[in-house]
Amino acid sequence: MSKLLEARKLCAYYGATQVLFDVDFSLEPGQITAILGANGAGKTTTLRAICQMVRTSGSLEFNGQQITGKSTEGVVRLGVAHVPDGRGTFTALSVEDNLRLGAYVRGDKHQVAEDMEKAYKRFPRLAERRHQQAGTLSGGEQQMLAISRALMLRPKLLLLDEPSFGLAPLIVAEIFRIMRRINEEDGVSMLVVEQNASLALDLAHHAYLLETGVVALSGPAEDIKRDESVRRAYLGY
Amino acid sequence: MDAFLHQIFSGLANGCIYGSVALALVMIYQATHHINFAQGEMATFSTFIAWALINSGWPYWAAFFATVAISFLAGVLVQRIILRPVEKAPVLTNVIVFIGLLVIFNSLAGWIFEHTIKSFPSPFAQKGMLATSIFSAHELGSALVMLCVLAALYAFFKFTPVGLAMRAAAQNPESARLVGIRVSWMLAMGWGLAAAIGSVAGMMVAPVVYLDPNMMGGILLYGFAAALLGGIDNPGGAVLGGFIVGVLENLLGAYVIGTELKLSVALVMIVGILTLKPNGLFGKHVVTRV
């Protein structure tokens, strides 16, 4: 089976500072992949590198197409949706406008309306607040909105940066349940960056462990979960 | 009483123009956080284009719409060619570029069309059905034109996908890129729209103040005052600010300080607003957590 995304010798830089060092990874279509690691390991940067929001070198192939050097908009138009850290909702716009913007590059008006109903069905709380300003939503609702907006693109790959950040455990459980369902029912491939390693390993099929910009470990999520050093350092038992 | 009402109405008519200039300023400010000092000179230059078209035999409204279209394109080109390279440069660099543009457009207008003062036709007949004792046909007509422009802009931003994308790009450029919006082109569109609004304001004011390369100098000051009064980040406020400035300027000029000191009203307002209420009447009060 051909890879959905393949990174070879991927390096990323903020100005003169190098953050990723020759990182190799690949994503299988239809799977959830997790990137784990401590603060500053380069998890968020990996997602930003895929969307070309930082300077990169090396090779990044999405669906067999080289995407290094493309604009962020160009990568998004290939079908990569990114839920950034801090969620990136348009706080002064309504929930509905946020969703509409998610489908900005799509031409199929009719199906956009359908997808919007689907989003409201998936998160009924967004339906109740559809005309409300996004900035007035709670943290959990904003995360739901951010995920829904990303899905409006009908992405081939969904990048999620810390979907659990700053949320109550009950909300996190709900969001992760829905993420799994999106993956199983709609076949959306995902790359999830997560501090909460046990949560991420329960969700993902495959995982990579980053340490200061280098891949320290990779493999099926089950194996990573059983790994002695990971258990001690990241799972805490 | 008639004279008083006349002052108020002609103030409102001027206010439409100031409000439009303010709106053009706000549009660029919202997207880039810069004030385009060349806005007035660009509008003057557009008006010269209209003048040239009319003088070469074009009917008024054909020349009007052609000028709006040309101004839009020119605005887009100015952003693409001149401002894009300094997009990420510090504020001062941008200010210098704006002042450069001001001087360039001003001198170009003088060089191509000469510095002599020219009369510019009004599309509204002097003794037509629009004229009454309280306001002239041109005052009412230009107010209507400006209100149409404002309504069209409102509809554009409120109801079209591109308008929504422009608002999104101004608000959160990074997220806008992540939904596939070409943010840099949205900025160019903003410049185009601002230039187009400016050209309409120029053509509407030219029959009153006569056309010369420095025509918009004073009007830009009133526009600044209007934008600041309304809150520099609030389009609706800018328009309302324009009306307030227009009426105030006329009333003070007629009854208090005399017409010679009118322009200083704008300057006093600018200084006053900046010291007493920097966010304007309807501006957002932004609090940043450190």
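The values are calculated or read from the model by the stated rules, or taken from the named source; none is laboratory data. What you are looking at is a predicted structure, and each value in this text was computed from that prediction instead of being measured. All Cβ positions, glycine included, derive from the backbone under ideal geometry; neighbour counts span all protein chains shown.
Of note:
- Qualifying position, being in contact with an Asp or Glu (Cβ under 7 Å, 6 or more places away or on another chain), touching a residue at least 60 places away in the same chain (Cβ under 8 Å) and not acidic (D, E), among B:M216, B:M203: B:M216
- The residues on offer are B:I219, B:I232, B:I273, and the sole one that is over 30 Å from A:R106 (Cα atoms), in contact with a Gly (Cβ under 7 Å, 6 or more places away or on another chain), among the β-branched types (V, I, T) and not in a helix (DSSP H, G or I) is B:I232.
- Beta carbons closer than 6 Å, at least 6 apart along the sequence or on distinct chains, pair a first residue in region A:50-65 that is more than 14 Å from every other protein chain (Cβ to nearest Cβ) with a second that is part of a strand (DSSP E or B) and buried (at least 16 other Cβ atoms within 10 Å of the Cβ) for A:T56/A:A12; A:S57/A:C11; A:G58/A:L10; A:G58/A:C11; A:L60/A:A7; A:E61/A:E6; A:F62/A:L5.
- Selection count, region A:39-49, where residues are of a type in the set (S, T, N, Q) and within 14 Å of another protein chain (Cβ to nearest Cβ): 1
Quick grid of which residues meet (1) crowded, with 20+ Cβ neighbours inside 10 Å; (2) at pLDDT 90 or above; (3) within 14 Å of chain A (Cβ to nearest Cβ):
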residue: B:H138; (1), (2), (3): yes, no, no
residue: B:A143; (1), (2), (3): yes, no, no
residue: B:L164; (1), (2), (3): yes, yes, yes
residue: B:E174; (1), (2), (3): no, yes, yes
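- Screening B:W111 against (1) more than 14 Å from chain A (Cβ to nearest Cβ); (2) surrounded by 15 or more Cβ atoms within 10 Å (Cβ to Cβ) leaves a single unmet condition, (2).
- Within region A:1-38, considering residues that are within 14 Å of the chain's Cα centre (by Cα) and among the β-branched types (V, I, T), the one farthest from A:R232 (Cα to Cα): A:I32
- Being assigned to a loop (DSSP other than H, G, I, E, B) and among the aromatic types (F, W, Y) is a description that applies to B:F135.
- Breaking point among (1) buried (at least 19 other Cβ atoms within 10 Å of the Cβ); (2) on the phi > 0 side of the Ramachandran plot, for A:R149: (2)
- Restricting attention to region B:176-216, the residues that are β-branched (V, I, T), farther than 23 Å from B:L73 by Cβ and more than 14 Å from chain A (Cβ to nearest Cβ) total 2.
- Residue list for region A:122-142, restricted to those being basic (K, R) and touching a residue at least 24 places away in the same chain (Cβ under 8 Å): A:R122, A:R129, A:R130
- Boolean, B:L251 is within 29 Å of B:A151 (Cα to Cα) and of a type outside the set (G, A, S): yes
- Selected residue (only one of A:L145, A:L101, A:L153, A:L93 is within 14 Å of chain B (Cβ to nearest Cβ) and in contact (Cβ under 8 Å) with a residue 60 or more places away in the chain): A:L153
For (1) within 16 Å of the chain's Cα centre (by Cα); (2) at pLDDT below 95; (3) over 23 Å from A:G40 (Cα atoms), each residue gets a yes or a no:
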| position | (1), (2), (3) |
| --- | --- |
| A:F165 | yes, yes, no |
| A:I171 | no, yes, yes |
| A:E228 | no, yes, no |
| A:R232 | no, yes, no |
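- Within the option set A:G86, A:G69, A:G107, being at the interface with another protein chain (Cβ under 10 Å from one of its Cβ atoms) and either surrounded by fewer than 17 Cβ atoms within 10 Å (Cβ to Cβ) or not in a loop (DSSP other than H, G, I, E, B) (or both) holds for one residue only, A:G86.
- Among the candidates A:A81, A:A41, A:A49, A:A92, residue that is of a type in the set (A, V, I, L, M, F, W, C), assigned to a loop (DSSP other than H, G, I, E, B) and under 30 Å from A:Y234 (Cβ atoms): A:A41
- Pairs are defined by a Cβ separation below 8 Å, a sequence spacing of at least 6 or placement on different chains, a first member in region B:24-44 that is of a type in the set (F, W, Y), and a second member that is part of a helix (DSSP H, G or I); the pairs so defined are B:Y29/B:A227; B:F37/B:V95; B:F37/B:F98; B:F37/B:I99; B:F37/B:L101; B:F37/B:L102; B:F37/B:L220.
- Residue within region A:20-33 that is facing chain B (nearest Cβ under 10 Å), among the acidic types (D, E) and outside any strand (DSSP E or B) present: no
- Candidate set from region A:74-83 (those that are in contact (Cβ under 8 Å) with a residue 24 or more places away in the chain and over 15 Å from the mean Cα position of the chain (by Cα)); member that is nearest to A:L4 (Cα to Cα): A:L78
- Taken over region A:116-138, the criterion of being crowded, with 19+ Cβ neighbours inside 10 Å and either within 14 Å of another protein chain (Cβ to nearest Cβ) or among the aliphatic types (A, V, I, L, M) (or both) is satisfied by A:M116, A:A119, A:L126, A:A134, A:L137.
- Matching residues, region A:224-234, being of a type in the set (D, E) and either in a strand (DSSP E or B) or surrounded by fewer than 14 Cβ atoms within 10 Å (Cβ to Cβ) (or both): A:E228
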